[in-house]
Structures are given as structure tokens and as C-alpha cells.
Amino acid sequence: MSDLLTYAYAVVRNAEGLREATAPLRGVAESPVSLLTDTGDDQLGLAVSHVPGQDFQEDALKQHLEDLEWLEAVARAHHGVIEALGERTTVLPLRLATVYLDDNRAREVLEAGRTMFAGRLARLSEHVEWGVKIYVESSAALAEPTVPAADLTPGRAYLRNRRQQQSVRDTVYQAAQKAAERVEAAGRRHASDRVRHRVQQGLLADAAGAVGENVVNDAYLVPLKRCDGFLADVAHAADGLDGVRVEATGPWAPYSFAMPLDESGGAAAAEGAPP
Amino acid sequence: MTEPLANRLGSYPSRSAPPYAQGSSANLADILERVLDKGIVIAGDIQINLLDIELLTIKLRLLVASVDKAKEMGIDWWEHDPSLSSRSRGEQSLAEENRRLRAEIDAIRQANALPEKEEAPQDTGRRRRGSARDE
């Protein structure tokens, strides 16, 4: 046993049948997930599983985290457990790779933070997170047909094409701005909070099949009973706007709203205009 | 108060009928930005050096976020990291290695007072003027 460590996934609000529902779950390294509860009133739980020490001791962990394949496997397992728990109760997702020497140490941390955890869970209760991304489809800027320019010199024709492309691009970004305003309005109508994420560009975003340039990447904390309205508004945010695509992902466990307000860069801190 | 979430999720529109249904199909970039950057941070027993995590996050951001923004922030080391850039294996690193080797050869020559017959005359002169300035 001494070569096993306790990997923690999420603090959860305990609920009837939750322990039984947790039992079949498999987490990081295919390890069975169990629920540690606080010794007090049994209101909080910490979802954990036992992972091999040789992979999660400091040095090994540091090396593994740089290995995208290993990281992907752990990230997906971590996310899978949180997602499954989120179907049954309110979850407070922990940052990846929160590891304790044993279950007793993990339970101590749960009990030491119980007031804070309970407060966070109360805020997240009956809420889910939706991701909203806005893309500018780059092809839209180039697909615009140009007027045949028989009467122009090649140089003038080139300059005119460039101007036209530039003007189409400006129009597309203005349309994206308009879509962003509509999404924000939907958020004000339905959501409890919002955080901005960094826009996704680069290899991972391309690998995910994203088409176009991601210009807005936000997360909204939405009460369960407002999800329909929020999604309907978001679905219409790009109506009548050429070259702009709005994509909603979710529902997610409330990852982006797990940190206390003053550290999460919540709605108040993120009111700036979108790029 | 502890009504299971699954029951409440029954009111979802049909298109999201299976709640949290993204499962393995969820986009890795979306998952990583959440599990690495979001989620509550509580101290674990296994301490990971924060600097390392920051470095990891920066590396991932180069995959997830904009390379141009990283450059604006003065971060350009990926250009020298062979796992991230094909350029670093090309002429850049060769030129760098060439410079280093030349400097080493120069240092050895000076230390052992080797004859400099391979050097062009003006090069020799320049180095002599250089060492004279140093004195």
C-alpha cells in the first residue's frame, strides 16, 4: 500500500446514493474511485482514487506533465470522473494532479477547508458551465469575388483587390463584435457569472478541427433552469452575420467558477470589450 | 436540497439529452484549459514546483494560444525546442553550433599558441588588434 498515493478529483456535496454511484467509476490509471466523507455531518465528500506512487511522486510527475500523451490520458480520466459525479450532485472540480500521501491526509484537507468548500458548492448548486466560442471564418475574407478589372493595370488591380479584401475582413470582424455583444446580452439575461478564457489558436485548436480564427472564448455559469433560454439566444447570436460562427460547448462541470470570486476573474473583472 | 442533479437535468432540451455527454469526444484543448488552468487549487502533499507548472502551462498555451502573443511577451524559446519547432533543427542551430565551435577553436589556439596558417591575413591582424585593445 505504501507505494500508492491518493489522487483527488473534486469536492462534492454528498447526496443519497452518491457512494454507490461512485463505486463503478474508474479514474486516473484505471483506478476505482471512492468517496471520502468528512467525519462531521457527512455533507461533503472528496472523490479520490489510488494511483501508483512511481508515477505521481514529485520528480516523475514533473516529467510526465511535459508528456502530452500522458497528460491527455490523465486529463481525460480526471475530467471523466468529474463529469460523472456532476450528473449526480454539485461538484467543485480540483486542479489536475492534486495528490496526497494517503486517504487520511486527503480527509484532513477536506475537513480543514469545509467552510470554504461548502460556500463554493452553495454558489455552484443548480448551475452548469457553458463554453461559448466565436470564430471568424477566414475563408470568408478571401472567397469574396472580385470585379474583373480589364481596364486597370496589374498594379492597380492588385491594390484594388487588396482594399476589397481588407474591407471584407473589417466587415467580418465587425460582425464578430456584433455576435459577441449578443452573446454577452444572453449572458446578462440568463447567466450568473462569466469568465474569459484565452482564445484558442495553434496546434491543439487546429487538431480539434476548428475552422477559422477564434476571437472570443468565454465560459458562462448558467442556472439549470435558464440553460434552454441561454442556448437558444446563443444559437441565434450569429443570425444574419456572414463569416461568423458561434459555438457552444457543454454542459461542463463548473471548472471555470471553482476558484473563490476574488481569484477567478469573474464577471466583474472580465467586463472589458471583446477583442 | 440534495435532489440528484440527474433528475433536474431531465428538463434539458433534447439536443443535450445525455448531460455532460461530451465524454471522450470533448475537445482536448477545451479539457486542458479547464483542468490545468481552472478548478480549485488546494495544497497537495506532492508539491509540484510552481515554476514547472507555469512553464508547462506556457508550453501548452503555445499549442492552445497564439504564438504571436507569446512573442509579444518575449517568450520565444520554442524556436529552440526541437519538439516544438522544425526550424530549431535547421540552419539556426547549425549556425549557433558553428559560432560556438569557432569560439572554442580560437580559445584553444590562443592558449596553445598554435600556428594560424588557416586564417586569412586580415583576420589575424584583426584578432591581434583585438587582443592589443584588451591589454
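The values are calculated or read from the model by the stated rules, or taken from the named source; none is laboratory data. None of the values given here were measured: they were computed from a predicted structure. Reconstructed Cβ throughout: ideal geometry from the backbone, glycine too, with neighbour counts over all protein chains shown.
With A:Asn161, A:Asn214 as the choices, which residue is surrounded by fewer than 22 Cβ atoms within 10 Å (Cβ to Cβ), touching a residue at least 12 places away in the same chain (Cβ under 8 Å) and of a type outside the set (A, V, I, L, M)?
Numbers: A:Asn214 fails: surrounded by fewer than 22 Cβ atoms within 10 Å (Cβ to Cβ).
None of the other options fit; the residue is A:Asn161.
Counting only helices (runs of 4 or more DSSP H) that sit wholly inside the range A:5-109, those with at least 2 residues that are hydrophobic (A, V, I, L, M, F, W, C) are A:18-22, A:58-65, A:68-86. Can you spot a residue in the range A:46-53 that is over 17 Å from A:Thr98 (Cβ atoms), in contact (Cβ under 8 Å) with a residue 40 or more places away in the chain and out of contact with any Pro (no Cβ under 8 Å at 6 or more places or on another chain)? Checking the range A:46-53: not a single residue is over 17 Å from A:Thr98 (Cβ atoms), in contact (Cβ under 8 Å) with a residue 40 or more places away in the chain and out of contact with any Pro (no Cβ under 8 Å at 6 or more places or on another chain). Give the residues of the range A:65-83 that are within 7 Å of another protein chain (Cβ to nearest Cβ) and more than 21 Å from A:Leu25 (Cβ to Cβ), sorted by residue number. Within the range A:65-83, A:Leu65, A:Glu66 meet the criteria.
Out of the range A:148-203, which residues are away from chain B (no Cβ under 14 Å), touching a strand residue (DSSP E or B) at 6+ places or on another chain (Cβ under 6 Å) and within 28 Å of A:Arg226 (Cα to Cα)?
First, pick out the residues of the range A:148-203 that are away from chain B (no Cβ under 14 Å): A:148-189, A:191-192.
Now narrow it down to the ones that are touching a strand residue (DSSP E or B) at 6+ places or on another chain (Cβ under 6 Å): A:172, A:175-176, A:179-180, A:183, A:187, A:191-192.
Within the range A:148-203, A:Ala175, A:Ala176, A:Ala179, A:Ala180, A:Val183, A:Gly187, A:Ala191, A:Ser192 meet the criteria.
For the range A:219-245, residues that are surrounded by 22 or more Cβ atoms within 10 Å (Cβ to Cβ) and at pLDDT below 95 total 2.
Flag set for A:Tyr7, criterion: among the hydroxyl-bearing types (Ser, Thr, Tyr) and either closer than 20 Å to B:Arg34 by Cα or free of Cβ contacts under 8 Å to residues at least 24 places away in the same chain (or both). If you go through the range A:16-57 and keep only what is within 13 Å of chain B (Cβ to nearest Cβ) and loosely packed, with under 14 Cβ neighbours inside 10 Å, you end up with A:Glu16, A:Gly17, A:Arg19, A:Glu20, A:Asp41, A:Asp42, A:Gln54.
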